[in-house]
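Note sheet for the following structure.
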Amino acid sequence: MRTAYSVETVRTAERELMARLPDGALMQRAAAGLAAACAEVLGRVAGRVYGSRVVLLAGSGDNGGDALYAGARLARRGAGVTAVLLTPERAHAGGLAALRRAGGRVAADGAGERLVERADLVVDGIVGIGGRGGLRADAVPLAAAAGRSRAAVVAVDLPSGVDPDTGEVHGEAVRADLTVTFGTHKPGLLVDPAREYAGSVRLVDIGLLLPHDAAELEALQHADVARLLPVPGAESDKYRRGVVGIAAGSARYPGAAVLAVSGALRGGAGAVRYVGPAGDAVIARFPETLVSDQGPKRAGRVQAWVVGPGAGDDAGTVAEVLDTEVPVLIDADGLRLADAGAVRGRTAPTLMTPHAGEAAALLGVSREEVEGARLASVRELAARYGAAVLLKGSTTVVAAAGGKGPVRVNATGTSWLATAGSGDVLSGLAGSLLAAGLSAVDAGSAGAYLHGLAGRLASVGAPVGAHDVAEAVPVAWRDVRGVVGGRG
């Protein structure tokens, strides 16, 4: 599992490590990893390190020092390295001396933008994990020059101008092609909007010892999801595997019911019960579905409910589902119709799955505020409702009920999933995992992982419909579990 830690936790770990190492050893570890990554980039964009043009944007403090020491290593390999010092009087003395000894130069006043525009590689060492609130005015022209140049941009630890702890971007920031981060990921590298500025991310191990229980973010990998996915045993039957109830659809939106059922049938539960006015459409597409028109409480045994997709104004069904004693996933219209007190009063697990617009309505803020502060928004919703919350979007994040503990962030999504009905498939898929026995956070994060991977597999760079995503879920499931040829 990939984890990300706050600035405070990282700095504490760095201090503890530096106390055990010779002076400057930690910075040299970081610089060595940074230089190696830069050399690889130069091999791609310039064909070699020797003779290439490298510009270091070096601020004060350790971030600038990392860039200067890495620049010295590149200069010793024959690169032409020039440092643009944003605060010359506060430049890292040791790094600057090393650069000069290796043959590197310091740019003359006013020459920075011209040098950046002609560079093969720009190293962003303006500000590190202590940065807040966007770039200072003197750095903005340099970042703009890097953006319009043909140079590759490598950020040191994280792009300057983004918030490392929240992923928020207030003002101008550097856009990197590659970010080389040290010791651990920082939350801003995994969550939009900051993630968009980071490009590819490479983690350099510098020996930090970080407490697992202090992680701010967790990102599941294939192996983590594989351990969560339910696999039937020799004695399994449909009830032991779990039955998921789908209360969705309306006369106006029957397709939402069909798509939610399609996701549920591929989510690991043993059976799917459908309740609602779209029974004919559901049974025509999926004859294995158990259809009822008697309402949720009289539908028969279920281990979890999904309520809300395409529900229109059917607040009664939403209230009836919330009154049950099994896990419930609330999506789409259900989020608008659900009584907040009823959600908070539930004793069984609840998973809410809003997109940014729905989250904004629940929080009473603008959509832009939610999209700009995804971590704060998902935690606030989880705290207000006492429910686990899966906030869909460019990066999907999942918070536990109450908003405490690490937030799960999903890395498999694709922009092609921004299509009508895709969220209905996700709600059915995650609801099925709930019925199979997963916790709300695990069901949400594993469901998002499979859903995102299915979207990638279905699209391959071309438009897809929600039904294509549903049909690709079994392929994604096999990929995650490493199953070849349908066995396993």
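The values are calculated or read from the model by the stated rules, or taken from the named source; none is laboratory data. From a predicted model like this one, the values you see are computed outputs, not experimental measurements. Note: ideal-geometry Cβ built from the backbone for every residue, glycine included; neighbour counts use all protein chains shown. Note: areas computed on protein heavy atoms with side chains; ligands, DNA, RNA excluded. Shrake-Rupley method; radii C 1.70, N 1.55, O 1.52, S 1.80 Å.
Things to note:
- Global form of region 135-194, assessed from the alpha-carbon gyration tensor, a/c cut-off 1.5: oblate
- Cβ-Cβ FRET estimate between residue 50 and residue 363, R0 fixed at 45 Å, reported to 0.05: 0.25
- Working from the Cα coordinates of region 249-382, the gyration tensor eigenvalues give, after taking √(5λ), semi-axes of 27, 16, 14 Å in decreasing order.
- Considering only alpha-carbon pairs that sit under 8 angstrom and 6 or more positions apart, the relative contact order computed for region 10-67 is 31 percent.
- Linear extension gain, residue 415 paired with residue 325, 0.36 nm per residue minus alpha-carbon span: 28.8 nm
- Charge tally in the Cβ shell below 14 Å around residue 163, where Lys, Arg are +1 and Asp, Glu are -1, residue 163 excluded: -4
- Sparse-neighbourhood loop sites, trypsin sites (Lys or Arg not before Pro) in region 198-295 - DSSP loop, at most 15 other Cβ within 10 angstrom: 252
- Label point at residue 111 placed 7 Å out along Cα→Cβ; residues across region 148-165 whose backbone nitrogen lies under 20 Å: 149-151
- Each of 299, 387, 319 was placed along the dipole of region 294-442 (beta-carbon charges, centred on the mean Cα), and the one lying farthest toward the positive end is 387.
- Only beta bridges with both residues in the chain are counted; by DSSP, about 15 percent of them are antiparallel.
- Taken along its three principal axes, the alpha carbon spread of region 132-273 comes to 65, 46, 28 Å, from the longest extent down to the shortest.
- Within region 442-458: backbone nitrogen closer than 19 Å to the residue 212 label point (7 Å, Cα to C-beta): 442-443, 445-446
- Normalised by 2.2 N^0.38 Å, with N the number of residues, the alpha-carbon radius of gyration of region 15-108 equals 1.06.
- Sites excluded, GluC sites (Glu not before Pro) in DSSP loops with at most 10 other C-beta within 10 Å, longest stretch of the chain: 1-234
- Label zone at residue 301 (point 7 Å along Cα-to-Cβ), backbone N below 13 Å, region 397-432: none
- For region 14-103, applying the loop criterion from DSSP together with a ceiling of 14 other beta carbons within 10 Å to the trypsin sites (Lys or Arg not before Pro) yields 20, 48.
- Summing Lys and Arg as +1 and Asp and Glu as -1 over all other residues whose Cβ lies under 14 Å from the Cβ of residue 140 gives a net charge of -1.
- Where labels lie 7 Å past Cα in the beta-carbon direction, separation of residue 478 and residue 21 in nm: 4.6 nm
- Pair residue 293, residue 137: separation of 7 Å Cα→Cβ label points (nm): 7.1 nm
- Near residue 366: Cβ cut-off under 15 Å, other residues only, Lys/Arg at +1 and Asp/Glu at -1. The net charge is -4.
- Helix 440-459 axis, angle to the chain major axis (alpha carbon atoms, nearest 10°): 80 degrees
- For the chain, accessible area per residue (1.4 Å probe, heavy atoms of protein chains only), Å²: 41 Å²
- The dipole here belongs to the chain: it is taken about the Cα centre, uses +1 on the Cβ of Lys and Arg and -1 on the Cβ of Asp and Glu, and is about 1340 debye.
- Shape of the chain, Cα gyration tensor, a/c cut at 1.5: prolate
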